[in-house]
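> Submitted below is the structure of interest, expressed as structure tokens.
The values are calculated or read from the model by the stated rules, or taken from the named source; none is laboratory data. Here the structure is a predicted model, which means the values were calculated and not measured. Here Cβ is always computed from backbone atoms with ideal geometry, including for glycine, and neighbour counts include all displayed protein chains. Heavy atoms of the whole protein, side chains included, go into the accessibility calculation; ligands, DNA and RNA do not. Shrake-Rupley method; radii C 1.70, N 1.55, O 1.52, S 1.80 Å.
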Amino acid sequence: MVALVLGAAGSALGAGFGGTILGLSGAAIGGMIGSAVGSVADAWIVGSMTPNQRVEGARLESLRVTSATEGANVPRLFGRMKLAGNIIWATDFVETFRTTTQGGGKGGGGGVTTTTALYSASFAVALCEGPITGVGRIWADGKPMDMTGVTLREYFGTETQGVDPLILSLSGAANAPAYRGTAYVVFDSLALESFGNRLPQLTFEIFAPLADGDTSEGLVKAVTLIPASGEFAYATSVVRVTNGSVTTTENVNAVAHRADLMVSLDRMEALAPAVESVSLVVSWFGSDLRCASCEIRPKVETAALNSTPVWSVNGVARGAAQLVSQISGKPAFGGTPSDASIVEAIHELRVRGQRITFYPFVMMDVAAGNALPNPYSNGAAAVGQPVYPWRGRITCSPAA
């Protein structure tokens, strides 16, 4: 109200001076000044008339727990399967509070303070009969679960597994079983706000291959590790790319905060535990089917990328490397894996007890519309080599 009154008064007063300033009439300038002063006065008056307000959100009386069935069957599985578990242990909820303040005039009055109750709980979920070799993806209420900030401990159901430290500390040694022979997971202080302050319905991807000598899992002793291209595909540390004020990850696509290669190696061990040898395939790029003219060199996908760590192969930095060809504006290949990422991959494979074969590989980057003489034409007279040919087609010119 004060803003309206002073705005009108300012307009009338300004009109008496006449003329214009920066294209604005005296009435317009006076109205703006009056409105600004009035807004300050309004905030002070409203703040003094309405003391600080406190709003408290709803609180829970008890924790709603997902089904925990006594006497339920314990599944036995072979291979890989998605299944729901059964809650075998849970704590009471833990209540914390989050307070925020909004509004309030310059005089300090009239602010609204909101207090929200937040809940978390710890619980254990039995999965199946053990032993298993790993737990993969997890879904909460049918959607992939964001594991960022989630503390999860996995027990594979061996006959020697120990008691979970949280269960031991809260239940005591006399009431804390190790659940030997049963694969289970423990969620430690899971925040429940995203699930409506209840334990979500959880399903798990479980790996339990048969490692016998007469099964595929038991017979596979060696694998070839690809894709062979991709500038940081083999990095075991997280590679970050900065673009202005935005930082993203280059090699984290499967599990939050974990490099793709690490996730892949975990899956390999879970699905094919008999593997003991890995061929690490690394691609450089050939330029021509004519042997005498073919150059083999490392290439990159983009000329400028502010990555940490930086890309470098055989002493060649990104700025000095050639680009792979493009198809519809996108790279036709991933770039050559950086030397540092290859070293990381070899070290990780050795830590996991694998034997490693370094497998150099040549991809032919001969794009459509090239003007290279075709050695397979009559007398190598025709122009235009086959598009992205097989490296085994490199020959003399003309071909025999």
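> At least 2 residues that are open to solvent by less than 20 Å² (accessible area, probe 1.4 Å) and within 30 Å of Val263 (Cβ to Cβ) in each: list the strands (runs of 3 or more DSSP E) lying fully within the range 84-193 that qualify.
Here the list reads 112-129, 134-140, 182-191.
> Something else about it: Filtering the range 242-290 down to residues that are within 11 Å of the chain's Cα centre (by Cα) and assigned to a strand (DSSP E or B), which residue is nearest to Ser397 (Cα to Cα)?
Applying the filter and picking the extreme gives Thr249.
> Which count do you get for residues in the range 305-364 that are surrounded by fewer than 19 Cβ atoms within 10 Å (Cβ to Cβ), of a type in the set (Lys, Arg) and not in a loop (DSSP other than H, G, I, E, B)?
3
> If Pro209 passes every condition in (1) buried (at least 17 other Cβ atoms within 10 Å of the Cβ); (2) out of contact with any Ser or Thr (no Cβ under 9 Å at 6 or more places or on another chain) but one, which one does it miss?
The failed condition is (2).
> Looking only at the range 383-395, which residues are part of a loop (DSSP other than H, G, I, E, B) and farther than 12 Å from Asp288 by Cβ?
Gly384, Val387, Tyr388, Trp390
> Do we have any residue at all in the range 260-280 that's over 30 Å from Asp212 (Cα atoms) and open to solvent by less than 20 Å² (accessible area, probe 1.4 Å)?
no
> If a residue must be of a type in the set (A, V, I, L, M, F, W, C), farther than 23 Å from Arg297 by Cβ and exposed (fewer than 11 other Cβ atoms within 10 Å of the Cβ), how many such residues does the range 365-400 contain?
2
> Looking at Ile296 and the list (1) at pLDDT 95 or above; (2) open to solvent by 50 Å² or more (accessible area, probe 1.4 Å); (3) farther than 30 Å from Ile394 by Cα, which single condition is not satisfied?
Single failed check for Ile296: (3).
> Hey, can you tell me all the residues within the range 253-298 that are within 26 Å of Glu205 (Cβ to Cβ) and without any contact (Cβ under 8 Å) to a residue 40 or more places away in the chain?
Asn253, Ala254, Arg258, Ala259, Asp260, Val263, Ser264
> Let me ask another. Quick check: is even one residue across the range 220-235 open to solvent by 40 Å² or more (accessible area, probe 1.4 Å), without any contact (Cβ under 8 Å) to a residue 24 or more places away in the chain and of a type outside the set (A, V, I, L, M, F, W, C)?
For the range 220-235, residues open to solvent by 40 Å² or more (accessible area, probe 1.4 Å), without any contact (Cβ under 8 Å) to a residue 24 or more places away in the chain and of a type outside the set (A, V, I, L, M, F, W, C): absent.
> Another question about this same structure. Out of everything in the range 313-349 that is more than 26 Å from Ser277 (Cβ to Cβ) and among the hydroxyl-bearing types (Ser, Thr, Tyr), what residue ends up being modelled with the highest pLDDT?
Filtering the range 313-349 for residues that are more than 26 Å from Ser277 (Cβ to Cβ) and among the hydroxyl-bearing types (Ser, Thr, Tyr), the one modelled with the highest pLDDT comes out as Ser325.
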